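K.L.:
One structure follows; several queries about it will come next.
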Amino acid sequence: MSNATHGPDLSRRGLILAGTALGGLLLSGCDRLSQAPQALKFIDHAEGLTRGAQRLILSGQPLAPEFKPSDISPTFKPNGSFHPTDPAYQALLDNGFADWRLAVTGLVNQPLSISLAQLKALPARTQITRHDCVEGWSAIAQWSGPQLGAILHAAGLQPHARYVVFHCADNLGGPGDGGKYYESIDLFDAFHPQTILAHTMNNQPLGVPHGAPIRLRVERQLGYKQAKYVMAIEVTDRLSGINGGHGGFWEDRGYEWYAGI
Amino acid sequence: MRGLAGRSTVSDIALNMSDAFPEPDGPPVPAPEPVIEPAAETPAPDAVITAEHAPTPPTETFYRHTRVVRITHWINVICITLLLLSGLQIFNAHPMLYWGKYGADADTPFVSLGAIYGPGHVLQGVTKLGPLKLHTTGLFGVSGGEIRGYPKWLTLPASRDLADGRRWHFFMAWIFVINGLVYLVSNAVNGHFKRDLAPTGAQLRPAAIWRDIVDHAMLKHPVGEEAKRYNVLQKLAYLGVILLLVLMVMTGLTMSPGFDAFAPGLLWLFGGRQSARTIHWICANLIVLFVLVHVIEVFIAGVFNEIGSMITGRYTIKTGAGH
């Protein structure tokens with residue numbers, strides 16, 4: 001009422017036009033800014049903040065929620081690699097992984113080479129947990145396998161050990177070492193009770209689409225941290241020298257190393 | 001004769017930005033007595049182009065928005081805009097929504113922004129909302145000849161880039177949460193919520209609510225003393241959008257596998273991670289709806305006066321004598 005009767009209609013129309021033009025400029029400017037390296041470097045500080053905040057609230061090492069057998073997804077969507085093309089992997093698979101050995105190397109007192117039979121003979125933890133893909137979907141399954149912490153204890157960590165790197169058999173990024181999948185977690189997650197090397201899924205041996213013979217479960221992080229087709233575990237004090245230097249296949253392609261959110 | 005502004009001292013300590021957002025003179029920010037002056041001497045910002053008909057109705061300028069409300073409002077505008085655009089980028093990575101604890105390709109979504117090949121092998125955008133199936137080529141599902149949930153002009157970054165979308169989303173989320181906490185704590189302490197936003201008993205009577213609805217529908221706005229207070233629909237809208245924004249943070253955190261280990265009760269509250277993702281999306285839609293209505297109302301009520309009051313704090317009303 002107050003303004004409807006007197007003149008600013010013209011200027012209001014101008015304002016709407018100007019606003020629309022400005023909005024368009026802002027949006028295109030926004031988009032350019034959104035991919036400017038300096039801007040991305042600045043907003044990356046938020047990842048450290050998120051990691052720090054979550055580490056603070058998770059300092060008591062609470063468990064990720066576990067579910068009932070009736071909650072298990074009827075179909076668990078495999079993602080990333082479905083069947084590694086590496087001939088060496090194919091040879092292992094053809095032989096039922098009888099020749100497969102998990103190498104544990106790096107900053108350890110006693111490097112290990114563990115067969116699948118030995119791994120399966122270790123005390124296993126069984127958990128029904130939710131797998132959350134970074135894309136937004138979730139699937140629930142039951143996983144069994146030895147705790148990573150027990151294996152690391154057996155190898156004995158050297159004092160400056162900080163990260164555990166998982167080298168995988170699949171070449172998700174194409175042929176050559178640059179395309180190999182790999183992941184890393186720090187000791188905070190490595191020694192969490194639910195962090196296991198799963199060899200069994202829903203009471204069946206882990207299938208090839210899900211990472212046979214073993215995959216990592218690190219239950220308080222997103223799906224891309226759950227490395228499949230794990231061939232070797234390397235304990236290290238830094239991530240910078242490994243592949244792209246960001247601590248993982250997807251991390252080298254722009255995703256956060258800390259995937260708790 | 002009290003306006004909406006309260007005695008905010010928290011804001012003065014927390015945010016010393018007096019240059020950009022001047023407070024009226026006089027410590028410690030008492031709500032100033034209204035200055036009654038003829039419009040000809042100090043015209044309201046939107047009354048610069050004077051009416052052809054004389055005499056100009058008498059107006060009164062009063063202090064409406066505290067500094068903390070004004071600053072947090074504009075930070076919120078930036079945060080919500082960028083959160084929405086980056087959120088739609090993240091949504092596009094899996095443009096389907098489910099109800100429950102899990103949900104992926106093999107499960108039945110109840111919302112999807114998908115694509116099919118139509119006659120002649122031409123891509124068509126198909127939006128499914130429950131049993132409803134809509135052809136939305138050009139907007140949802142397929143746009144610019146590409147399979148994508150939301151179109152380029154609605155996502156940040158424009159091209160498909162989940163990694164950068166997430167980086168922007170979580171960076172803005174931190175600013176949004178800190179800004180929201182400043183707003184909630186300071187206005188709880190200074191009494192703004194209780195004084196200006198809590199509906200009174202009289203306002204909540206059905207007859208009073210109905211009268212407000214009718215007034216709104218007829219675009220009839222109050223004058224004089226009544227214009228200094230929020231009507232019940234305004235109060236409920238503002239309280240409602242605050243609730244929606246709190247729900248956004250809660251459902252957002254429920255999607256975090258790390259936060260779920262800390263607060264599994266959130267999963268129980270929202271019925272699972274996929275339900276939380278769906279509620280996150282529904283709340284985002286409702287917030288967009290709020291913003292649309294809010295901006296339309298600003299234009300109807302007087303765009304310069306309204307925006308000006310959210311910058312300077314001062315709002316001009318007609319005292320009623322002119323009508």
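Laboratory data are not the source of any read-out in this text; all were calculated from the coordinates shown. Values in this document were obtained by computation on a predicted structure and should not be read as measured data. Cβ coordinates were reconstructed from backbone atoms using ideal geometry, including for glycine residues, and neighbour counts include every protein chain displayed.
K.L.:
Give me B:Thr312, B:Thr155 ranked fewest to most by other Cβ atoms within 10 Å of their Cβ, as a rough exposure proxy.
P.N.:
Ranked by crowding around the Cβ, least crowded first: B:Thr312, B:Thr155.
K.L.:
Can you name the helices of chain A, as whole DSSP H runs, whose Cα span along the helix axis is 15 Å or more and whose Kyte-Doolittle mean is not below -0.5?
P.N.:
The answer, listed by residue number, is A:9-34, A:45-57.
K.L.:
Beyond 21 Å, what percent of the Cα pairs of segment B:92-213 remain?
P.N.:
64
K.L.:
Taking H placed 1.01 Å from N in the peptide plane, check which residues at least 5 places from B:Gly103 or on another chain put their amide H under 5 Å from its amide H.
P.N.:
Those qualifying (amide H under 5 Å, at least 5 residues apart or on another chain) are A:Ser138, A:Ala139.
K.L.:
Between B:Met96, B:Gly145, B:Pro199, whose Cα lies farthest towards the positive end of the dipole of segment B:95-225 when Lys and Arg beta carbons carry +1 and Asp and Glu beta carbons carry -1, centred on the Cα centre?
P.N.:
Farthest along the dipole direction, towards plus: B:Pro199.
K.L.:
Just list whichever of A:Lys225/B:Lys152; B:Lys101/B:Lys133; B:Lys133/B:Lys235 have alpha carbons separated by over 32 Å in the model shown.
P.N.:
B:Lys133/B:Lys235
K.L.:
Can you give me the long-range amide H partners of A:Met231? Hydrogens built in the peptide plane at 1.01 Å from N, cutoff under 5 Å, separation of 5 or more residues or another chain.
P.N.:
A:His167, A:Cys168, A:Ala169
K.L.:
With equal scatterers on the alpha carbons only and no solvent term, can you work out the Debye log10 of I(q)/I(0) for segment B:57-137 at 0.11, 0.12 1/Å?
P.N.:
Values returned for q = 0.11, 0.12 Å⁻¹ are -0.55, -0.60.
K.L.:
Each residue of segment A:202-215 in turn: what ³J(HN,Hα) in whole Hz from Karplus with 6.51, -1.76, 1.60 and θ = phi - 60°, glycine and Pro shown as x?
P.N.:
Taking θ as phi minus 60°, the curve returns 6, 6, 10, x, 3, x, 4, x, 9, x, 3, x, 9, 10 Hz for segment A:202-215.
K.L.:
Now for a separate question. Using the crude model of +1 on Lys and Arg Cβ and -1 on Asp and Glu Cβ, and no other charge, please compute the dipole size for chain A relative to its Cα centre, in debye to 20.
P.N.:
400
K.L.:
Along its three principal axes, how long is segment A:64-253 when you only count alpha carbons? Whole Å, largest extent first please.
P.N.:
43, 35, 34
K.L.:
Moving to a separate point now. Once you have all Cα-Cα distances for segment B:96-149, histogram them in 5 Å bins from zero and send the whole-percent values.
P.N.:
5, 22, 25, 23, 15, 7, 2, 0
K.L.:
What are the equivalent ellipsoid semi-axes of segment B:272-323, built from the alpha-carbon gyration tensor (square roots of five times its eigenvalues), in whole angstrom, biggest first?
P.N.:
The equivalent ellipsoid of segment B:272-323 has semi-axes of 37, 12, 8 Å.
K.L.:
Right, another one. Report the residue, chosen from A:Asn95, A:Asn203, A:Asn79, that carries the largest GNM mean-square fluctuation when chain A is represented by alpha-carbon nodes joined by springs under 10 Å.
P.N.:
So, out of A:Asn95, A:Asn203, A:Asn79, the one fluctuating most is A:Asn95.
K.L.:
Counting pairs of alpha carbon atoms under 8 Å apart in space and at least six apart in sequence, what relative contact order in percent does chain A give?
P.N.:
19
K.L.:
Taking every pair of Cα atoms in segment A:41-85, average 1/r, invert it to obtain the Kirkwood radius, and report Rg/Rh to two decimals.
P.N.:
1.18
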